[in-house]
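Undergrad: Before anything else, here's the structure in question.
The values are calculated or read from the model by the stated rules, or taken from the named source; none is laboratory data. Every value quoted in this text rests on a predicted model; they were computed, and no experiment measured them. Using ideal geometry, Cβ is built from the backbone for each residue, glycine included, and neighbour counts are taken over all protein chains shown. Areas reflect the complete protein model, heavy atoms only, side chains present, ligands, DNA and RNA absent. Shrake-Rupley method; radii C 1.70, N 1.55, O 1.52, S 1.80 Å.
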Amino acid sequence: MKLEFPKGFWWGAATSGPQSEGRFNKEHANVFDYWYDIEPEAFYNQVGPNVASNFYNSYKEDIRLMKEVGLNSVRTSIQWTRLMDDLEAGTINEQNVQFYNDVIDEFIANGIRPVINLHHFDLPVELYHKYGGWESKHVVELFVKFAEKCFELFSDRVTDWFTFNEPMVVVEGEYLHQFHYPNLVDGKKAVQVAYNIQLASSKAIASFRKINQNPEGKIGIILNLTPAYPASNAEGDLKASKFADLWLNQLYMNASALGEFPAELVAVLEKDQVLWSATEEELTIIRENTIDYLGVNFYHPHRVKAPDVSADSLAVDWLPEKYFDEYEMPGRRMNVDKGWEIYPKAVYDIAINIRDNYNNIEWFISENGMGVSREERYLNEQGMIEDDYRIQFIEEHLYWLHQGIEEGSNCFGYHLWTPIDCWSWKNAYRNRYGFISTDIRTQKKTIKKSGHWFKEVAATDTLDMTTEVR
Ligand code: BG6
């Protein structure tokens, strides 16, 4: 079966500054840099972000390899902690401006569209220590200063911008589930942080509209828009799924794409006395500065059920999880290495949701991928990793994406996480996702079987399915 994708489709991959560059020549530390400095044992094999995949030093060779696997677009992020000199004054580090200029020019010279994101989990840690990080509206203003510098410096060549990667993961990691420094559990703060990040995104978009130098320029946000499937049709499970969807998906999706937070969510937060503090002026900024397009990261679905314990028995004051529990569906198909369910059809459900509930806004899959550990198990005699499981994974997701496009969803691209195996936060290099492998001792990079396979798909805009879709 051959599936044709629209001409001009983005065939690419995504990484981020903090996960690929390494900390070379950076004046500031982000929350992960700092966490590693004070507690290296929290990271898999005690491997931190200091070298990552060495992109700071090897970007020319790395981009050449990305070209070799046929990518026509690549997302990375500009690190706030690298670009800026004085965070308060909004002055820049000239040497690092040069670095990002060189990277952008190198992408363009290789025929690769640079897609630039501004925040990928990398809050400068000093802003947490001084102001409480995203709890503070002053930090929102400092982020906007950084964003404005990026638009001034690079929007002559960069046409594709995104404000935040997965803001809900920042909320969960920093304030609910303890996987991002400062590892707090504080539902009330989490709600304010969720709001402040939306405000920062909308304010950055407002600045973009004034500063952008390129008539083709567009700006959006990257969301992990994951369906929250109910465990059953029982009323409690349906209610749980409804709230999970409001909190995990609609909060950012509605505010970013439609300019309004979902009224049902606001009502619950108000009733529980945890609603964010917002001014009319801020809400107007959010209303008037919606996104041009959207990136969707999809790895695994959420399955939820009615909570087991009553909300009142929770030890802490308020948590969104008082309204839903995660549900492990019997017989679910798993990527055991990462511990995530594999459910490609969710991509179709996402496509239809965007078509029907969000004015069929333009969107792309900005991350999808399969993290596999010890991939050297699959090395062949020529030294290439034969990652057929990854090819199958991509095919199945593309199949359902294609189905969504056929039914009118306005999707313009697919990016794998990630072009070159990169550093994955607490998991460090445990799970590998790339089209290209990295030997972290030597930094030798080698194209995997999936990279060679993807080149053909990208060159022809056609997927010749070898996998039976499940
Ligand atoms: C996404 C993030 O949520 O998942 C990436 O945007 C991350 O930064 C990716 O690396 C894979 O998850 P993990 O935890 O295996 O690195």
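Undergrad: Suppose every K and R has +1 on its Cβ and every D and E has -1 on its Cβ; what is the size of the dipole of the chain about the Cα centre, in Debye to the nearest 20?
TA: 700
Undergrad: By average Cβ neighbour count within 10 Å, what is the ranking of 348-358, 41-51 from highest down?
TA: Per-residue mean Cβ counts within 10 Å order the peptides as 348-358, 41-51.
Undergrad: Follow-up question, since we're still on this one. Which chymotrypsin sites (Phe, Trp or Tyr not before Pro) in the stretch 135-209 sit in a loop by DSSP (not H, G, I, E or B) and have at most 16 other Cβ atoms within 10 Å of their own Cβ?
TA: Answer in residue order: F179.
Undergrad: Amide H neighbours of N30 under 5 Å, counting only residues 5+ apart in sequence or on other chains, H built in-plane at 1.01 Å?
TA: Distant-sequence amide H within range of N30: V125.
Undergrad: Now for a separate question. With θ set to phi - 60°, apply the Karplus curve 6.51 cos²θ - 1.76 cosθ + 1.60 along the stretch 415-420 and write out the HN-Hα couplings as whole Hz, x wherever there is a Gly or Pro.
TA: Coupling constants for the stretch 415-420: 10, 7, 8, 7, x, 10 Hz.
Undergrad: Counting only other residues whose beta carbon sits under 9 Å from that of R303, what net charge do I get with K and R as +1, D and E as -1?
TA: Residues close to R303 contribute a combined charge of -1.
Undergrad: Leaving ligands and nucleic acids out of the surface, order T467, T442 by accessible area at 1.4 Å, largest first. If you can, show how the numbers build up before the last one.
TA: On the way: T467 25, T442 90 Å².
Sorted by accessible area, descending: T442, T467.
Undergrad: Only loop residues by DSSP count here, and only those with at most 12 other Cβ atoms within 10 Å; note down the GluC sites (Glu not before Pro) in the stretch 379-442 that meet that.
TA: E381, E407
Undergrad: Over 21 Å between Cα atoms: which of K7/K449; K203/K426; K26/K445; K26/K149; K26/K60 fall into that group?
TA: Listed pairs above 21 Å: K7/K449; K203/K426; K26/K445.
Undergrad: Before rounding to the nearest 500, sum -39500 (n - 2.57) across all DSSP H runs of length at least 4 in the chain and divide by the residue total; then give [θ] at 222 nm in deg cm²/dmol.
TA: On the way: 15 runs with 177 residues, N = 470.
Helix-only estimate at 222 nm: -11500 deg cm²/dmol.
Undergrad: Set Lys and Arg Cβ to +1 and Asp and Glu Cβ to -1, take the dipole of the chain about its Cα centre, and tell me which of H402, I211, A190 lies farthest positive.
TA: Looking along the dipole axis, the top candidate is H402.
Undergrad: Is the shape of the stretch 2-464 rounded, prolate or oblate, going by the alpha carbon gyration tensor and its root eigenvalues a ≥ b ≥ c, with a/c under 1.5 for rounded and a/b larger than b/c for prolate?
TA: Note, shape of the stretch 2-464 comes out rounded.
Undergrad: Okay, moving on. Any chance you could run the full-extension gain for V309 through D37? It's 0.36 nm times the residue separation minus the Cα-Cα distance, nm to one decimal. Provide the component values of the computation, followed by the final result.
TA: Values: separation 272, 0.36 × 272 = 97.92 nm, distance 3.77 nm.
Once the chain is fully extended between V309 and D37, it gains 94.1 nm.
Undergrad: Would you mind checking the pairs K189/K305; K210/K455; K338/K455 and listing those with alpha carbons more than 29 angstrom apart?
TA: Pairs exceeding the cut-off: K210/K455.
Undergrad: Give a residue-ordered list of calculated ³J(HN,Hα) values for the stretch 44-55 (Karplus: 6.51 cos²θ - 1.76 cosθ + 1.60, θ = phi - 60°; whole Hz; x for Gly, Pro).
TA: Each residue's phi maps through the Karplus curve to give 3, 6, 6, 9, x, x, 4, 10, 6, 9, 6, 4 Hz.
Undergrad: Could you sort 374-380, 295-301, 83-89 so that the peptide with the highest average Cβ count within 10 Å comes first and the rest follow in order? Display every interim value, and only then the final one.
TA: Values: 374-380: 12.9, 295-301: 21.4, 83-89: 16.7.
Ranking, from highest mean packing down: 295-301, 83-89, 374-380.
Undergrad: Starting at the first residue of the stretch 435-443, write each ³J(HN,Hα) from the Karplus equation 6.51 cos²θ - 1.76 cosθ + 1.60 with θ = phi - 60°, in whole Hz, x for Gly and Pro.
TA: Karplus-based 3J(HN,Hα) across the stretch 435-443 equals 6, 10, 8, 10, 8, 6, 7, 10, 6 Hz.
Undergrad: Then there is this: Express in whole angstrom the spacing between the alpha-carbon centres of the stretch 322-337 and the stretch 397-415.
TA: Using only Cα atoms to place each centre, the spacing works out to 25 Å.
Undergrad: Any idea of the accessible area per residue across the chain, 1.4 Å probe, to the nearest Å²?
TA: 38
Undergrad: Taking H placed 1.01 Å from N in the peptide plane, check which residues at least 5 places from V47 or on another chain put their amide H under 5 Å from its amide H.
TA: Here nothing satisfies the definition.
Undergrad: A further question follows. Any lysines with Cα under 21 Å of the K188 Cα? List them, leaving off those in the same chain fewer than 8 positions away.
TA: Cross-link targets: K130, K137, K242, K271, K322.
Undergrad: Just check the stretch 252-361 against the gyration tensor rule for me: Cα atoms, a ≥ b ≥ c as the square roots of the eigenvalues, rounded for a/c under 1.5, and otherwise prolate or oblate depending on whether a/b exceeds b/c.
TA: Since a/c reaches 1.5 but b/c is at least a/b, the shape of the stretch 252-361 is classed as oblate.
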